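Chemist: I have a structure here, written as structure tokens, and I will follow up with some questions on it.
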Amino acid sequence: MIPQWLSAKCISLTSEAFSFTATMTVVWLWPGYLIGGNSGVGKETAVALAMRGARVIIACRDLGKAEKAVREIKYKSHNLNVLYMELDMANMHSVREFCKTFLQREKKLDILINNAGMPGVLDWTDDGFSMCFGVNHLGHFLLTNLLLPRLRECAPSRVVTLTCSSYKYQKLDFQDLNYNLLPFFTYCRSKLANIYFSQELARITEGKGVTSYAVHPGFVQSGWTCHYSTLFRMLMQVIMWMFFVPCEVGAQTVIYCAVSDEVAKHSGGYFMDCRPATLRPFARDAGVAKKLWEASERLVKLA
């Protein structure tokens with residue numbers, strides 16, 4: 001049975017929902033950088049999809065957290081078809097190895113949920129990219145492109161990429177895509193890149209059975225503060241308790257875009273609260289989206 005919170009607001013439990021089959025495979029990128037194995041929008045999403053009969057594959061760099069998440073998802077969903085594979089989104093070699101292994105083992109890929117994320121921290125990936133831009137955008141970009149042939153083979157299929165409404169506070173500087181000076185600004189730019197990526201992916205795959213959606217889950221009570229000082233964490237815990245939404249609420253729009261038939265006509269769209277939302281004009285610039293795609297191809301050596 002689907003949890004009440006899932007059926008109450010977004011997802012009809014009738015045939016309106018995107019049809020699941022016994023072989024439907026969902027790859028969910030576990031944000032091992034951010035949260036423990038017992039919380040998060042990603043886990044709530046995985047539980048809901050597993051309850052609908054999906055085969056759920058968790059991609060995560062922290063195998064201890066992944067094992068714990070798998071146990072909990074199996075227990076809550078009563079679905080034993082949940083497993084994990086190792087993936088470090090801050091390392092492009094790891095992304096390539098994950099895709100190689102996945103394509104060898106798995107013949108189905110119906111839904112890819114780009115859920116991995118890095119908060120505003122000033123650090124660098126193994127490949128020399130700013131941590132936010134490298135993990136939040138380039139890692140997802142490379143992984144999605146390497147898995148795109150399988151998504152096309154399994155059409156109709158979907159790519160859901162988590163972003164944030166904070167995109168509106170920055171614009172991309174193509175002279176400095178690796179901007180890494182102010183933590184909040186580098187985070188905002190990476191979230192804007194997620195939106196452009198989702199739009200350009202929708203354009204490239206138009207008419208080929210693959211649809212793409214960018215989702216702002218809301219401001220969610222999760223463990224992203226673990227990268228900061230104790231005082232900051234304590235302050236944010238109070239703020240999150242007062243103003244942020246629980247993870248199960250934040251997961252609703254992700255699930256909606258993953259399974260609802262209603263979103264099919266909105267490929268490339270930006271969603272909040274289980275409905276299409278309007279982006280700022282600069283975030284709807286198809287020319288910038290294409291330019292970022294081409295720049296990203298060069299950075300991850302796909303071009």
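Bear in mind that the values in this text are calculations on the coordinates, not laboratory data. None of the values given here were measured: they were computed from a predicted structure. Ideal geometry is used to build each Cβ from the backbone, glycine not excepted, and the neighbour counts take in all protein chains shown.
Chemist: For region 132-142, take each phi angle, set θ = phi - 60°, evaluate the Karplus expression 6.51 cos²θ - 1.76 cosθ + 1.60, and give the result in whole Hz per residue in order, putting x for glycine and proline.
Modeler: Per-residue couplings from phi come out as 5, 5, x, 7, 5, 10, 5, x, 5, 4, 5 Hz.
Chemist: Can you work out ³J(HN,Hα) from phi for every residue in region 146-152, in order, using Karplus 6.51 cos²θ - 1.76 cosθ + 1.60 and θ = phi - 60°, giving whole Hz and x for Gly and Pro?
Modeler: 6, 9, 4, x, 5, 4, 5
Chemist: Same structure, new question: Amide H to amide H under 5 Å from C274: which residues, 5+ apart in sequence or cross-chain, H placed 1.01 Å off N in plane?
Modeler: Amide H neighbours of C274, under 5 Å, 5+ apart: T253.
Chemist: Which distance in Å, rounded to a whole number, links the C-alpha centroids of region 162-214 and region 138-155?
Modeler: 17 Å
Chemist: Now a separate question. Can you compute 3J(HN,Hα) from phi for each residue in region 50-55, using the Karplus curve 6.51 cos²θ - 1.76 cosθ + 1.60 with θ = phi - 60°, rounded to whole Hz and x for Gly and Pro?
Modeler: Those phi angles translate into 5, 5, 8, x, 6, 7 Hz.
Chemist: Which pairs, out of K76/K108; K43/K65; K191/K290; K107/K301, put more than 21 Å between their alpha-carbon atoms? The partial results should precede the final answer.
Modeler: Numbers: K76/K108 24 Å; K43/K65 11 Å; K191/K290 16 Å; K107/K301 26 Å.
Exceeds cut-off: K76/K108; K107/K301.
Chemist: Further question on the same structure: Which FRET efficiency value, to the nearest 0.05, do you get for K100 and E294 by plugging their Cβ-Cβ distance into 1/(1 + (r/R0)^6) with R0 = 25 Å?
Modeler: Working: r = 24 Å, r/R0 = 0.97.
Computed FRET efficiency for K100 and E294: 0.55.
Chemist: If you don't mind, there's one more thing I want to ask. Which value in nm describes the separation of the simple spin-label points at L63 and L182, placed 7 Å from the Cα toward the beta carbon?
Modeler: 4.2 nm
Chemist: Quick one: which of 54-61, 210-217, 82-89, 269-276 comes out on top by average Cβ neighbours within 10 Å, and what's the full order, highest first? List each step's numbers first, then the result.
Modeler: On the way: 54-61: 24.8, 210-217: 26.6, 82-89: 21.0, 269-276: 17.6.
The most tightly packed comes first, giving 210-217, 54-61, 82-89, 269-276.
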